[in-house]
Amino acid sequence: MARILVVDDEPDMRRLLAGILRAQGFDVVMAEDGQAALDQVKAEAPAAIILDLRMPGLDGMETLTEIKAITPHIPVIMLTVYGDIPTAVQAMRLGAYEYLTKPFHHDDIVLTVRRALERQALPARDQTARQLETLLLLSQSLTATLYLETVFDLIVEAAVTLLEVEEAGLWVIQEDSGELALRASAGAAEILAQSSATLARVEELVREMVQGKGGSPCTEMMAPVGTFFGVPLMKEERVLGVLGVIGSLAHPFTEADHDLLDSFASQAAIALENARLYDMATQAIERLKESQEKVVQLEGLRALGEMASGVAHDFNNILTAILGRAQVLRPLLEDPLLVRGVEIIERLAWDGARTVRRIQEFARVRRGQAFVTVALNELVDDVIDGTSPRWKDQAEVRGVRYKVVRELGEIPTVAGDPSELREALMNLVFNALDAMPEGGTLHIRTAAAEASVALSIADTGYGMSEAVRRQAFEPFFTTKGPQNTGLGLSVTYGIIRRHGGDIGIESREGLGTTFTIRLPAGKGVAVKQEVETQPAAPKRAVILIIDDEENVRTILAEILMTQGHSVRMAASGKEGLDLFRDERHDLVLTDLGMPGMTGWEVAWAVKELSRETPVILVTGWGEDLNPDTVREGTIDFILSKPFGVNDVLTLVVRALELSASP
């Protein structure tokens, strides 16, 4: 019976394999490593060898190479738990007969050994049988992966193995452009580079096949390179690409080679198309994930914006009372320590007001706001100048150096709010400087894109992880510690979205971050420059204050009474209208959000009773009010909470002047 050599460093595996084969009547000898196997082969060559891939000392690949150098015709069956495709292809190129993975079925071992022995017994058809077996194995290997780049490499490796050549190339038609591109090669790039004329001819042959002029495998002699042989990869009469191999002039390709590569090309085309479809599906899923994340982000911003609008009214009432009390008290105090304390209270109240406004800012939708024409390059210059104390003056004091690079292209104007866009850009600049505490380069670019303008702000700072990048625009998210509110990028995001634009982030940890803004090109409305005049000294008047918050109406009354005005107060719209009917009033201040009767309804009723009486609407939502509604005549002025004493007095003077004018 045939003698089989089993080579494995694990004793249990050796005994298992020996038992399986002896049960079928085979004569089995064993070796515990590569060197012992070589000694056995030299002493008495077996009919077949089962060889483990991973062994100490000489591993399976090295042992296979040595065995083939001693006696190339012995079939060697590779056995391993590592069933990766590149290793299988490498083993076949070195002359392995078959490649099996652990765990295996007993019948697979017996059948593989019997086939190997039968192949050994074949006479002249040996080479053809081996090629067909290799073709089957390689085709199976190809269909085992769906990663496009891996498939490219495997197709080329398989062509080299099948035809026993050194050079091969795979040209693939690009889906986006329809152009041919060399996507994988084995030696082909170096060989073709020896002659530009040869390279041009190969490209010409490939294109002819793609365009249908060749339609079938083509061969051409090209000295000094050799023989080029190419086959198109077809899928349902559509050419996907061309697989080409280069042989030597001394051994030109035969008809059998043509048939073999043509057969493999059919399998390669299927694998290529499957991998392409998988790649397209993967990209589509990624795009869908990004879209879903953007929708979730927008919904989160919208929900938080709605919450902020609801909270703003109550919070601004509290801030109004604190700020008003502080400003009224300050002139009455003589103790410097008390004055300093009141000033701190006042400053903190304003900080609280700005925080509320910023929370509303990132998710606010402006109704009826007319954008003006903005020259973005000029705005960039303003931002660079405006932030120079941070990146120049303060940095120099700390011994830190920043390099600011401007690369401003010729771009069209955009329609927008200059102050908002300036705030968005300043936020991004400050964010970039925060990412470079030890100094670095800040690069600002503008360029014209299709019907839009692109602006990028890049830094050479720490960069972001993918997790941080995905959360960067979320409100209150920050990596800078408790001293940072985490609203800067959220506000920027809201501003850009309100301008019909988009903003994206590219970042790599340790390499820096680039924010890219795209805004639609366009022009805004022309803006009249209003000349601000100093209001005249206030006249004494009878003023009605309507507000459901006692602290707010009380502080308003105290501010107005300091100027000698006579003040009436009401806690609701109905109570205020009753007072208005009973007594003439020169001016009405009414809160917007009140139970029972809103400020709009109060203003409408006041105008119905006395068209000439001016109405000031007091609100924490003043930024969101539609200017068209104000201009209709129901409301004459808006006083935003929280307000300062001078804000109130100036607006009252303007309102009284309005009522006095003919």
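The values are calculated or read from the model by the stated rules, or taken from the named source; none is laboratory data. If you're wondering where the values come from, they're calculated on a predicted model, not measured in any experiment. Methodologically, a virtual Cβ is constructed for each residue, glycine included, from the backbone with ideal geometry; neighbour enumeration extends over all protein chains shown. Each accessible area value is taken on the protein alone, full model and side chains, heavy atoms only, with ligands, DNA and RNA left out. Shrake-Rupley method; radii C 1.70, N 1.55, O 1.52, S 1.80 Å.
At a glance:
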| read-out | value |
| --- | --- |
| Those aspartates and glutamates that a straight Cα-Cα span of less than 17 Å connects to Lys42, excepting residues fewer than 8 apart in one chain | Glu32, Asp33, Glu62, Glu66 |
| Set of segment 94-111 residues, backbone N closer than 13 Å to the point 7 Å along the Cα-Cβ line of Met1 | 110 |
| Euclidean distance between Cα centres, segment 393-407 to segment 33-102, Å | 64 Å |
| Apportionment of accessible area to carbon and sulfur, segment 1-92, percent (1.4 Å) | 50 percent |
| Out-of-range pairs (alpha-carbon distance over 30 Å; input Lys403/Lys641; Lys523/Lys641; Lys574/Lys641) | Lys403/Lys641; Lys523/Lys641 |
| Pairwise FRET efficiency - Thr479 versus Gln35, Cβ, R0 = 51 Å, nearest 0.05 | 0.35 |
| Highest average packing first - 466-473, 6-13, Cβ atoms within 10 Å | 6-13, 466-473 |
| Distance between modelled label sites at Arg330 and Glu601, nm, 7 Å Cα→Cβ extension | 3.8 nm |
| Packing rank of 14-25, 401-412, where each peptide gets the mean count of other beta carbons within 10 Å, highest leading | 14-25, 401-412 |
| Full-stretch length increase - Glu450, Asp647 - with 0.36 nm per residue and alpha-carbon distance subtracted | 66.4 nm |
| Accessible surface of segment 395-461 [probe 1.4 Å, protein heavy atoms]: carbon and sulfur percent | 49 percent |
| Dipole of segment 1-98, positive direction: furthest Cα of Thr65, Ala96, Leu38, with charges on the beta-carbon | Ala96 |
| Residues in segment 446-473 reached by a label modelled at Glu286 [backbone nitrogen below 16 Å; 7 Å Cα→Cβ] | 466-467, 470 |
| Computed label-point distance, nm, for sites Lys392 and Glu44 using a 7 Å Cα→Cβ extension | 9.3 nm |
| Sequence ranges 567-577, 175-185, ranked by mean other-Cβ count within 10 angstrom, highest first | 567-577, 175-185 |
| Inter-probe distance in nm under a simple model that places probes 7 Å from Cα toward Cβ, at Arg54 and Asp259 | 4.2 nm |
